[in-house]
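Heads up, the thing below is written out as structure tokens.
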Amino acid sequence: LPFIFDDSGNIVDNSTIRDLGNFLHVSGNRYIGFLSFALNYHLGGLNVFGYHLVNLLIHITNGFLVYCLVLLLLRAVQIPSSSMAVSPWVAFFAALLFVAHPIQTQAVTYIVQRFASLVTLFYLLSVVCYLKGRLADNSPHPPLSLRGGEGGVTRRYFWYGAALLSSLLAMKTKENSFTLPFMILLVEGAFFRPLTWRRWLTLIPFLLMLPLIPFSRGDILGEAERFASD
């Protein structure tokens, strides 16, 4: 598909994305999305193929993250070992359904809808990384606990940091990522009971990100953001 509808205001007629220097100052709720358009423009101008290719790669990556998420959730609920053999298949078909579902067409073919697919990537990545940290050594201890051995501690810190970074990137991509800290809280409360005060402490950094979206309305992208309806 060529550039259509909101593509014009956000990409074709958006002078901001034509100079990467405009992105030295990190501001705006959709900074990461616009930066991805700027990188596309820097590499291929307004050649529509490059924009569609990036959208497709993001969508495929999201499918892989869905696969990982399902596997990790099945580990978290501690299903019987006799059922673990089918877990990869359950995850595979869940990811296949996500990738092939017609509802995803717009997020892939409509270029400006990269905001939706890209925030999904960081959203899923954050939850996946958090689960990886919680399941790093198959122990019930909090993700930042010093128990479980040095290797387990290192892994937990790494995945916890990756989850925080992914959450930050999600919130700088699209506003619906505002729900992400609550999703992390839901995952912790649903799959890792009881929710002790130590675990509450590890969730505080995610909750502290909540003001980022309402306080990031002023940005360098000027009038371009007015055209982004989704």
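Values computed for the structure shown
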item: Cβ-Cβ under 9 Å pairs, at least 6 apart or on other chains, region 63-92 side without any contact (Cβ under 8 Å) to a residue 24 or more places away in the chain and on the phi < 0 side of the Ramachandran plot, far side surrounded by 14 or more Cβ atoms within 10 Å (Cβ to Cβ) and polar (S, T, N, Q); result: Leu71/Ser87; Leu74/Ser87; Ile79/Ser87
item: Selection count, region 174-200, where residues are of a type in the set (A, V, I, L, M, F, W, C) and either without any contact (Cβ under 8 Å) to a residue 24 or more places away in the chain or touching a strand residue (DSSP E or B) at 6+ places or on another chain (Cβ under 7 Å) (or both); result: 7
item: Search result, residues across region 1-26 that are among the hydrophobic types (A, V, I, L, M, F, W, C), under 20 Å from Gly50 (Cα atoms) and open to solvent by 30 Å² or more (accessible area, probe 1.4 Å); result: Leu1, Phe3, Ile4, Phe5, Val12, Leu20
item: Selection from region 27-71 of residues that are within 15 Å of the chain's Cα centre (by Cα), surrounded by 19 or more Cβ atoms within 10 Å (Cβ to Cβ) and aromatic (Phe, Trp, Tyr); result: Tyr31, Tyr67
item: Close pairs (7 angstrom Cβ cut-off, 6 or more residues apart or separate chains): free of Cβ contacts under 8 Å to residues at least 24 places away in the same chain in region 48-59, part of a helix (DSSP H, G or I) and open to solvent by 70 Å² or more (accessible area, probe 1.4 Å) anywhere; result: Gly50/Leu43
item: Residue list for region 72-116, restricted to those being of a type in the set (Lys, Arg) and open to solvent by less than 80 Å² (accessible area, probe 1.4 Å); result: Arg114
item: Every pair of residues 6+ apart whose Cβ atoms lie under 8 Å, when the first sits in region 10-24 and is over 21 Å from Gln113 (Cα atoms) and at pLDDT below 90 while the second is part of a loop (DSSP other than H, G, I, E, B) and of a type in the set (A, V, I, L, M, F, W, C); result: Asn22/Ile220
item: Selection status of Leu121, farther than 18 Å from Arg75 by Cβ and modelled with pLDDT of 75 or more; result: yes
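The values are calculated or read from the model by the stated rules, or taken from the named source; none is laboratory data. Remember, it's a predicted structure, so these values are computed and weren't measured experimentally. Positions of Cβ are backbone-derived with ideal geometry, glycine not excepted, and every protein chain shown enters the neighbour counts. What goes into the accessible areas is simple: the full protein's heavy atoms, side chains included, and nothing from ligands, DNA or RNA. Shrake-Rupley method; radii C 1.70, N 1.55, O 1.52, S 1.80 Å.
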